[in-house]
Amino acid sequence: VGQHWVELSPVPAVQSPANAKDKARLELGTALFFDAGLSRKGGVSCASCHQSGKSFSDGRAQAVGEDKLMGRRRAQTLFAAPFATHLFWDGRAASLEEQAKGSITNPFEMNNTLAAAVAHVNSQPHYRKLAQQAWGHSRLTVEDMVTAISTFVRTIRPPTTKADAVIAGDATQLSDQQRLGLHLFRTKA
């Protein structure tokens, strides 16, 4: 029987914003990710369920949204989100932008309308200033709002591990016992 394993490669590094517009979109998206004002009653932000200290998840068996309503599933980590072709546990979103819209409007998550969320954003002077820098107009559209949030999510990466160093070709990170385990895994798995 031949060897069957997936050849792994390091996670691509985050690129620094290429220009002032990209930097403004990232700054705006970061602020929006943490803004509970995107939810209907102002109690839940994206970061409520995707906490950086919990691998951009929330550590719960089921996510808790607006009005303390329990979701049907746990919040997924966002580490793989920038590379996923289908998002949510059931794969219903084909892009980070669709995922952001779905989370804002889901009654078990942020329970808001896109119109109300973007109205909240447009009522904030600091967001209008960033919108002007990012898009050349001070009033964000729904598409601008979810693009900004997605811009931030695309920067999320897991912490670097020994496994990353090994995948990159530096086996000196492993002890002799770990190297033997890796060899056994590759030849027997």
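The values are calculated or read from the model by the stated rules, or taken from the named source; none is laboratory data. It should be emphasised that the depicted structure is a prediction, and the values quoted were computed from it without experimental measurement. With ideal geometry, Cβ positions are generated from the backbone for all residues, glycine too; neighbour counts draw on all protein chains shown. Ligands, DNA and RNA are excluded from the accessible area calculation, which covers all protein heavy atoms including side chains. Shrake-Rupley method; radii C 1.70, N 1.55, O 1.52, S 1.80 Å.
Observations, loosely collected:
- Summed over the stretch 49-69, the residues that are within 26 Å of Ser123 (Cβ to Cβ) and either at pLDDT 90 or above or surrounded by 20 or more Cβ atoms within 10 Å (Cβ to Cβ) (or both) give a count of 4.
- Thr160 vs. criteria exposed (fewer than 13 other Cβ atoms within 10 Å of the Cβ) and among the polar types (S, T, N, Q): yes
- Close pairs from the stretch 113-135: first among the β-branched types (Val, Ile, Thr), partner outside any helix (DSSP H, G or I) and open to solvent by less than 60 Å² (accessible area, probe 1.4 Å), Cβ under 8 Å, at least 6 apart: Val118/Leu140; Val121/Asp35; Val121/Leu140
- When the residues of the stretch 15-37 are filtered to those that are exposed (fewer than 12 other Cβ atoms within 10 Å of the Cβ) and in a loop (DSSP other than H, G, I, E, B), the one that is modelled with the lowest pLDDT is Gln15.
- All of Ala131, Ala116, Ala100, Ala148 fail the test of being assigned to a helix (DSSP H, G or I), at negative phi, surrounded by fewer than 18 Cβ atoms within 10 Å (Cβ to Cβ) and not polar (S, T, N, Q), apart from Ala116.
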